[in-house]
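Read the structure below first, then the notes.
The values are calculated or read from the model by the stated rules, or taken from the named source; none is laboratory data. Treat the numbers as computed from the prediction; the structure is a model and nothing was measured. Cβ placement follows ideal geometry from the backbone for every residue including glycine, while neighbour counts extend to all protein chains displayed.
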Amino acid sequence: MDIHAFKEDMIAYSKEIGIDKIGIASPDVFTELKERLRTQQELGYQSGFEKGSLEERTEPKRHVTEAKSIISIALAYPSKLKNAPRSTKEERRGIFCRASWGQDYHDVLNDRLEKLAAYLKEKYPGFTWRSMVDTGELSDRAVAERAGIGFTGKNTNLITPEYGSYVYLGEMITNIPFTPDDPVDDSCGDCNICVDACPTGALVQGNQLNAQKCIAFLTQTKGFLPDEYRGVIGNRIYGCDTCQTVCPKNKKKDFHLHPEMEPDPEVVKPKLKPLLSISNREFKETFGHISGSWRGKKPLQRNAILALAHYKDETAVEELVRVMKQDPRPVIRGTAAWALGKIGVPSSYDEILLARDKEEDEDVLEEMEKGLRYFHPLNK
């Protein structure tokens, strides 16, 4: 078999099935990545969502013993929301990050990888493979970088020449001896805009992220949000795009190439108050198809409460009082009590006192005290 010709045929086919960019990486050990991940572990910079051991995350042949190449794919997603609804004083809205717009990208990329695998299986006798998208052990970004899809910017996102960093990534480890592609040169240069713009200082320096401080990570946690981050979360319901939106490489990058990725404005920029009373069934029907729903409704509801506090939305006070008094989840009750104090409507003081008398959870009681202190600035 002429492997070079086969590779060209595969690339042509990949375009037919809706893969925007494709490249080949060797299955050699990711030595530099292994050292970087070890450093991240030692510094406590990991999110905890990572899958697999250090070896499983950096040694492709642990997943496909006879691996000869890794196929990396990229699909571009939209960066601008068409017909975006406006947030008003009566109906404040939150926002999901761009990577959560449209159908869950795990499903979209896995669909493309399955079609590509079926094609390769038909053409290559004895074909073996394993595909991964985001939740696999391998680093999608490291594979894509080695495969020449793009380079890793100082914001730790993969940046492609064509689509900027607005791309989803996936890969397929195979036993086909495709020739690897050449990496793309890093072109961040002296630019440090993303590092300077990070709201929480999570970008410790170029190419190093403390995931524990990253808003994208914090919005996915299920406990009380640490006090120091409540003032910077803004109206973010899920994820954060700051380090992408400020990047010069993303200027005028907005691609609407895949119908599945087109966002519903009412879903990705939802009204905040209705989120506080949404049922499990309604949540699944409304948000179940997007990747931002994977942690369930609790973190999103907590973030919605923080967003209402950010806006100092007095129209939400009645609903927040109800949540503080009736919601069975301590994190939601406590966050609502804190938010009532932050918003500062005088009647909320008495409401927090009444709820405090019946509250038994120590963490919620602590949040209630924080809320009450807003009414007595000298006691903060």
Practice task
Report yes if some residue within segment 107-117 is in contact (Cβ under 8 Å) with a residue 40 or more places away in the chain, buried (at least 19 other Cβ atoms within 10 Å of the Cβ), within 17 Å of the chain's Cα centre (by Cα) and closer than 27 Å to CYS191 by Cβ; otherwise report no.
Solution key: no
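Please list, ordered by residue number, the helices (runs of 4 or more DSSP H) wholly in segment 277-343 having 3 or more residues that are touching a residue at least 60 places away in the same chain (Cβ under 8 Å) and either more than 30 Å from ASP134 (Cα to Cα) or touching a strand residue (DSSP E or B) at 6+ places or on another chain (Cβ under 9 Å) (or both).
The helices (runs of 4 or more DSSP H) meeting that bar are 297-311, 330-343.
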Practice task
Answer yes if at least one residue in segment 130-146 is in a loop (DSSP other than H, G, I, E, B), within 25 Å of ILE3 (Cβ to Cβ) and at pLDDT 95 or above, and no otherwise.
Solution key: yes
Handout entry: Pair list, Cβ under 9 Å, 6 or more apart: segment 1-12 residue farther than 22 Å from ARG112 by Cβ, other residue of a type in the set (Lys, Arg) and at pLDDT 95 or above
Key = MET1/LYS123
Exercise for the section: Tally the residues that are in a helix (DSSP H, G or I) and under 14 Å from the mean Cα position of the chain (by Cα), restricting the search to segment 191-238. Expected result: 7
Practice task
Could you tell me which of the residues GLU319, GLU359 is closer than 13 Å to LEU272 by Cα, surrounded by 15 or more Cβ atoms within 10 Å (Cβ to Cβ) and not hydrophobic (A, V, I, L, M, F, W, C)?
Solution key: GLU319
Handout entry: Qualifying positions in segment 264-316 - within 14 Å of LYS342 (Cα to Cα), basic (Lys, Arg) and either touching a Cys at 6+ places or on another chain (Cβ under 7 Å) or crowded, with 19+ Cβ neighbours inside 10 Å (or both)
Key = none
Handout entry: THR160, sole failed condition from (1) closer than 26 Å to SER47 by Cβ; (2) surrounded by fewer than 17 Cβ atoms within 10 Å (Cβ to Cβ); (3) in contact (Cβ under 8 Å) with a residue 40 or more places away in the chain; (4) not small (Gly, Ala, Ser)
Key = (2)
